[in-house]
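The values are calculated or read from the model by the stated rules, or taken from the named source; none is laboratory data. Given the structure is predicted, the values throughout are model-derived calculations rather than measurements. Please note: Cβ atoms are built from the backbone with ideal geometry, for glycine as well, and neighbour counts cover all protein chains shown.
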């Protein structure tokens with residue numbers, strides 16, 4: 001790879017975001033940009049047998065359209081259950097080789113076991129993990145998302161925890177209160193629901209999607225079947 005020109009930021013300022021399509025990953029990306037770092041790409045892991053993510057249930061075309069809204073390239077890795085680590089490491093090699101990027105940003109806030117797991121995976125990859133939202137107050141995180149114009153749609157939920165009628169709803173302060181009244185954290189940090197970001201401060205245009213139906217996955221999630229317009 002050729003040397004970067006003087007107009008390009010140094011490699012230490014470059015980062016890739018571990019991208020789910022949801023609010024926390026998106027807010028972590030935006031926060032990193034605000035701190036002066038430069039995003040080079042997004043990285044999303046898909047099911048080995050489908051062009052789709054697991055918990056969020058998002059199809060590849062939706063994620064590609066979302067990346068276009070941010071004018072960022074997106075790298076896809078694939079892995080069967082139990083083979084995630086190997087699949088992620090292979091995808092990270094692409095990120096290093098193609099984008100000269102050695103930092104991976106995550107949207108985790110307070111799940112220590114999850115952070116420990118990622119740090120262990122990355123220890124011998126040459127990639128540095130970055131957690132810009134770590135120990136962010138869950139309540140404050142949601143307030144800051146609303147205040148800064150993050151528009152997120154509920155696309156996946158555990159039907160034994162939340163009403164299926166929430167699927168397709170835009171997460172608003174009122175919906176957050178409804179979720180909290182059902183005994184669930186309104187940020188969904190424990191995996192009770194997942195979101196798709198429709199718009200954010202660093203989007204160049206709003207993401208437009210169509211809902212085609214509802215599906216049930218093998219892990220107990222009820223998910224919207226979504227395609228990009």
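On the basis of being more than 25 Å from residue 223 (Cα to Cα), within 15 Å of the chain's Cα centre (by Cα), assigned to a loop (DSSP other than H, G, I, E, B) and at pLDDT 95 or above, does residue 72 make the cut? Here the answer is yes, as residue 72 does meet what is asked. Would you say residue 49 is surrounded by fewer than 17 Cβ atoms within 10 Å (Cβ to Cβ), part of a loop (DSSP other than H, G, I, E, B) and touching a residue at least 24 places away in the same chain (Cβ under 8 Å)? Taking the combined requirement at face value, the residue satisfies it. Residues considered: 44, 40. Of these, the only one that is farther than 18 Å from residue 195 by Cβ and either part of a loop (DSSP other than H, G, I, E, B) or touching a strand residue (DSSP E or B) at 6+ places or on another chain (Cβ under 9 Å) (or both) is 40. For the stretch 68-91, taking the residues that are touching a residue at least 40 places away in the same chain (Cβ under 8 Å) and within 29 Å of residue 208 (Cα to Cα), the one that is surrounded by the fewest Cβ atoms within 10 Å (Cβ to Cβ) is identified as 71.
Taken over the stretch 76-91, the criterion of being in contact with a helix residue (DSSP H, G or I) (Cβ under 8 Å, 6 or more places away or on another chain) and within 24 Å of residue 65 (Cα to Cα) is satisfied by 76, 77, 78, 79, 88.
The one condition from (1) outside any strand (DSSP E or B); (2) touching a residue at least 12 places away in the same chain (Cβ under 8 Å) that residue 223 does not meet is (1).
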